[in-house]
Amino acid sequence: MKATEAVRTAGVTALVARAVGRAPVLLLGGLVVLLFLLSLGIGPVRLSPDVVATALFGGGSEEQRIIVQEIRLPRAVLAVAVGGVLGLSGAALQGLLRNPLAAPELFGAPQAAALGAVLVIATGLADVLSFALPLAAIVAAFVSVFVLLVIAGRNAGLLLLILAGLALSSLAGAGTALTMNLAPNPFAALEISFWLLGSLEDRSIRHVAMALPFILAGGAILLSQRHAFRALSLGEETAESLGVDVSRLRLAVILGVALGVGGSVAVSGTIGFIGLVGPHLARPLVGWDPARLLVPSALVGAALLTAADIAVRLLPSTNSVRVGVLTALIGVPFFLYLIVRERRALSGGVG
Amino acid sequence: MSAGLLTAERLCVAIGGRDVITDVSFALPRENLVALVGPNGAGKTTLLRAMSGLVASRGVLTVDGTPVASLTARDRAKKFAYLPQGHVVHWPLPVRDVVALGRYPHGAVDPARLSRPDAEAVERAMRAADLDSLADRPVTELSGGEKSRVALARMLAVEAPVMLADEPVASLDPYFQIEVLGLLQRAARGGALVIVVTHDLGLAARFADRVLVLRDGRLAMDGPPAEALGPGPLADVFRISAFRGGQDGQPVIVPWAAV
């Protein structure tokens, strides 16, 4: 009798938790939609929300339609997709490595993807084959995350991961610098360096078509592993004893992150720190469960990048500030704050 | 030989090309608490992991008559509940969610959506480990003894016929050592085969129905505590002598001097 009672209480608690648990997701989803619409209205020509809505669905003047559908819509879609997959990748890597300081940008994934992309741009291959760009970025990102996880081994400490990530991103950076160094003319080097800063400006529907399939595939792979991340909270050995194939999970995460980050970098350049910041901002809302963290982290990432992309349009400056520069300016202090918070774990060495 | 729940015939485990476990054979029945003991480096953990199918082995290993190697990962996870040494929870998850992960092999991958039988299994495990009052606490905030009970409840929640625990009482004070082993003993009385790796020969004698003594990867002794931990084996394998006695019908062994 008492047992049934306890189960019923647990059931009710779970129901309440589920209802309350959905609220942050709905809230964040609403925020992303709001920012998305705002992003369509803000620029050299300000459009009110109702004009945006009309133009989006084929109404309004031709000028308004062109501004909303052809100039701003691809940019807004990319901001949501890129920010979302970066936030998701950060949460997935943190779940896999059970480490709050894991993020694609700290592991050199975007830097490696950029190197892959830059090589394709410098050789002129990107002009011939449009899909060469994302593919090169994805392959390079895959290699970097794979190498990092091989170095990290089964139970890597914080220090080891960060150092290996630093080494990999430095190597990728050096490769990129070399490519620019050897660029045939200064204009090519300039083009590459501006592209590296990370931006969503002047992106067309062609860019969306190039990146979105990869980003969606990467996101789907990462989301499909969500329950395994929860089992992994108990360590790899216990997770394996519960029936989780940890080697397969690792491979899935590497692939998902590579597809997401590679696809993103191919159209937006390197946009850093969304993957690190996203999960940390989502945790106060949904708790620490690594499975329940994925979607909110993606939404926070999408909201962050969209907001940053709106901000660069509002900043008064003669030369537009690149959104990648802005996310780094915000992200690095946050990273420092996390380092201070994790100081004890970091000074504890590799263990 | 009587049919055991878990049987091994000439089990060998190689790590890095070297046999760490050599020709181990046993037949372990249900309703038994088995202590697996041996000096450092004897291969206890490796044998335990091999028993659960987590590391590959040669020879024949069967559970309930089925070769362990032929089981899928999920079926294996339903047959064997495993508690590794130095178990940790990496995120501050609520106690109930951690325990509920024991139902993962049964398809209950989300603690927020447990089916009724799964929820009942979790409640049973929580009650057995006396965790009801801690259900919503983040596990990382608990004391060492409480964490051990959570880990144990997580293992109990699998409701597997075979439970394997690697040093479950190593870092606990005497009260919790007795609590935890008592809990495992009750699980064994409830029908499970419970295998516990331990260095504590006194606790092994007090709680185990049967003791497996491992030396250099080979089974040196297999029998009831009084016999397997007799003066001969203790001197041979552990290089110690012990004070011996008895209380409540159980042998008492207190390691006393190196020989």
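The values are calculated or read from the model by the stated rules, or taken from the named source; none is laboratory data. In this text the structure is predicted, and so the values were computed from the model without any measurement. Cβ coordinates were reconstructed from backbone atoms using ideal geometry, including for glycine residues, and neighbour counts include every protein chain displayed. Note: accessible area is taken over every heavy atom of the protein model, side chains too, but ligands, DNA and RNA are not part of it. Shrake-Rupley method; radii C 1.70, N 1.55, O 1.52, S 1.80 Å.
Shown in residue order for segment A:33-46 are the 3J(HN,Hα) couplings computed by the Karplus curve 6.51 cos²θ - 1.76 cosθ + 1.60 at θ = phi - 60°: 4, 4, 5, 4, 5, 4, 5, 6, x, 9, x, x, 10, 7 Hz (x for Gly and Pro). Rolling a 1.4 angstrom probe over the protein heavy atoms with all chains in place gives the protein assembly as shown an accessible area of 43 Å² per residue.
Across segment A:160-201, how large is the tail of the calculated P(r) beyond 17 Å, expressed as a percent of all Cα pairs?
Details: 376 of 861 pairs.
When all Cα pairs of segment A:160-201 are counted, 44 percent exceed 17 Å.
Taking a ≥ b ≥ c as the square roots of the Cα gyration tensor eigenvalues, with a/c under 1.5 meaning rounded and otherwise prolate when a/b beats b/c, else oblate, which class fits segment B:1-153? Since a/c reaches 1.5 and a/b is larger than b/c, the shape of segment B:1-153 is classed as prolate.
Average partner chain C-beta neighbours within 10 Å, per residue of B:109-116?
6
Local charge sum around A:Leu299 (other residues, Cβ-Cβ under 15 Å, Lys/Arg +1, Asp/Glu -1)? Around A:Leu299, the charge tally is +4. Per-residue ellipticity at 222 nm, computed for chain B from helices alone with -39500 (n - 2.57) per DSSP H run of at least four residues, works out to -8500 deg cm²/dmol. The distance separating the Cα centre of segment B:106-179 from that of segment A:239-289 comes to 29 Å. Out of the total accessible area of segment B:6-258 (probe 1.4 Å, heavy atoms of protein only), what percent is carbon and sulfur? Exposed carbon and sulfur together represent 50 percent of the surface. Each residue of segment A:193-202 was assigned a 3J(HN,Hα) from its phi angle through the Karplus curve 6.51 cos²θ - 1.76 cosθ + 1.60 (θ = phi - 60°); the sequence is 5, 5, 5, 5, 5, x, 8, 10, 5, 6 Hz, with glycine and proline shown as x.
Under 5 Å from the amide H of B:Ile21 lie the amide H atoms of B:Val13, each residue being 5 or more positions distant or on a separate chain, with H modelled from the backbone and absent for Pro and chain starts. For chain A, a Gaussian network of Cα nodes joined below 10 Å ranks A:Gly60, A:Gly324, A:Gly90 by mean-square fluctuation, and the top entry is A:Gly60. The angle between the Cα long axis of helix B:144-157 and the main principal axis of chain B comes to about 80°, on a 0 to 90 degree scale. Taking the Cα atoms only, what angle lies between the long axis of helix B:116-128 and the longest principal axis of chain B, rounded to 10 degrees? Helix B:116-128 sits roughly 50 degrees off the main axis of chain B.
The Rg/Rh ratio for segment A:188-338 is 1.03, where Rg is the radius of gyration of the alpha carbons and Rh is the Kirkwood radius.
As a test of the definition: with a 1.4 Å probe, what buried accessible area, both sides summed, do you compute for B against A, in Å² to the nearest 100?
Details: alone 12400 and 16650 Å², together 26230 Å².
About 2800 Å² of accessible surface is lost on pairing.
The Cβ shell under 13 Å around B:Ala129 holds other residues with a net charge of +2, Lys and Arg each +1, Asp and Glu each -1.
Contact-buried residues of segment B:75-93, at a threshold of 50 Å² lost accessible area versus the chain by itself: B:His90, B:Trp91, B:Leu93 (1.4 Å probe; DNA, RNA and ligands ignored). Note on B:48-56: average number of Cβ atoms from other chains within 10 Å of each residue's Cβ is 1. How many angstrom lie between the Cα centre of segment A:303-339 and the Cα centre of segment A:101-137? Their Cα centres are 22 Å away from one another.
When you count the other C-beta atoms within 10 angstrom of each residue and take the mean per peptide, A:262-270, B:26-34 line up highest first as A:262-270, B:26-34. Across all directions, the average projected area of the convex hull around the alpha carbons of segment B:96-148 is 3.6 nm².
Over the residues of chain A, the helix contribution to mean residue ellipticity at 222 nm works out to -25000 deg cm²/dmol, using -39500 (n - 2.57) for each DSSP H run of at least 4.
Burial of accessible area (probe 1.4 Å, heavy atoms of protein chains only) in segment A:239-254, relative to its chain alone, reaches at least 20 Å² for A:Glu240, A:Ser241, A:Leu242, A:Gly243. Each residue of segment B:206-221 was assigned a 3J(HN,Hα) from its phi angle through the Karplus expression (A = 6.51, B = -1.76, C = 1.60, θ = phi - 60°), giving 6, 10, 7, 7, 8, 10, 9, 9, 10, 9, 6, x, 10, 7, 8, 9 Hz with x at Gly and Pro. With the cut-off at 1.5 for a/c, could you classify the protein assembly as shown from its C-alpha gyration tensor as rounded, prolate or oblate? Since a/c reaches 1.5 and a/b is larger than b/c, the shape of the protein assembly as shown is classed as prolate. Given a 1.4 angstrom probe, I'd like the percentage of the accessible area of chain A that is carbon and sulfur, rounded to a whole number. About 71 percent, which is the carbon plus sulfur part of the accessible surface. Bin by bin, in steps of 5 Å, what percent of the Cα pairs in segment B:31-75 do you find, going until the bin that has the longest distance? Going out from 0 Å in 5 Å bins, segment B:31-75 shows 5, 19, 25, 23, 18, 8, 2 percent. Checking the a/c ratio against 1.5 first, then a/b against b/c, what shape does the Cα gyration tensor give for segment B:6-258? It is oblate, given that a/c is not under 1.5 and a/b is not larger than b/c. Evaluated over the Cα positions of chain A, the convex hull gives a direction-averaged projected area, one quarter of its surface, of 20.8 nm².
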